[in-house]
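A quick write-up on the structure given underneath.
The values are calculated or read from the model by the stated rules, or taken from the named source; none is laboratory data. Worth saying up front: this structure is predicted, and the values here are computed from it rather than measured. Neighbour counts run over all protein chains shown; Cβ positions are idealised from the backbone, glycine included. Areas reflect the complete protein model, heavy atoms only, side chains present, ligands, DNA and RNA absent. Shrake-Rupley method; radii C 1.70, N 1.55, O 1.52, S 1.80 Å.
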Amino acid sequence: MNRRLVLGLPLLAAGCSVLPDRPFIESQRFTLSPRREGPPGRRLRHALLLRSMRAAPGMEQRGLRRVRSEGRVEVAPYEEWLAPPGELAELALRQWLVASGRFTAVTAPGSRLATFLVLETELVALQVEPDGARAAVAALLLGQAEGLGDARVLGQTLVEGRSPVALEADAPQRAGAMQAALGQAFAQLESWIVSNVSV
């Protein structure tokens, strides 16, 4: 019996060494919901179908991104968005376009409402760089004729927004700057849609 006890002591000692030696770090989660400010713009008498926003490679990760001067990308393991940024950006863009008052309706895929305008978007960048936060959204605007006719391209663009923030700023500051940059990109996108539809 004593021999079994002696043989088991190394196993007990080894079991004690697997306890975590690092302190617990609580995750920080942030919203991504830039809001449109100011009065509604001139209505275009068209409904708009906003298709699901795609995410460029790397943009599907929830962690806040930093890009160092040498091009190295850092994704924070304990600092992240509430959901994948592409999904949050799509919801925010939909709310932005509704608040703009430019359209008779802003619909989602699956809606039965016939729309003349179709907007396809992709979240290209949402990160903090050495010169501040940057958000970039690629967009393709289509005009859908009545009936079964093919959609025609009204325009294609890449809009960018920037907001000052330091690379080493704390997570809430970096998240706030990225949200502000995305709001700038949305404002440019709204103006671009209006200019293409007016033509």
State whether one or more residues within the range 156-168 are closer than 22 Å to residue 103 by Cβ, at pLDDT 95 or above and part of a helix (DSSP H, G or I). no
Residue 45, sole failed condition from (1) within 19 Å of residue 191 (Cβ to Cβ); (2) in contact with a Gly (Cβ under 8 Å, 6 or more places away or on another chain); (3) of a type in the set (D, E, K, R): (2)
Being closer than 24 Å to residue 58 by Cβ and open to solvent by less than 40 Å² (accessible area, probe 1.4 Å) is the filter here; which residues of the range 91-111 pass it? 92, 93, 96
Among strands (runs of 3 or more DSSP E) entirely inside the range 81-150, those with 3 or more residues being in contact (Cβ under 8 Å) with a residue 12 or more places away in the chain and not β-branched (Val, Ile, Thr) are 117-129, 132-143
Pull up the range 52-79, narrow it to residues that are part of a loop (DSSP other than H, G, I, E, B), in contact (Cβ under 8 Å) with a residue 60 or more places away in the chain and over 15 Å from the mean Cα position of the chain (by Cα), then point me to the one that is surrounded by the most Cβ atoms within 10 Å (Cβ to Cβ). 68
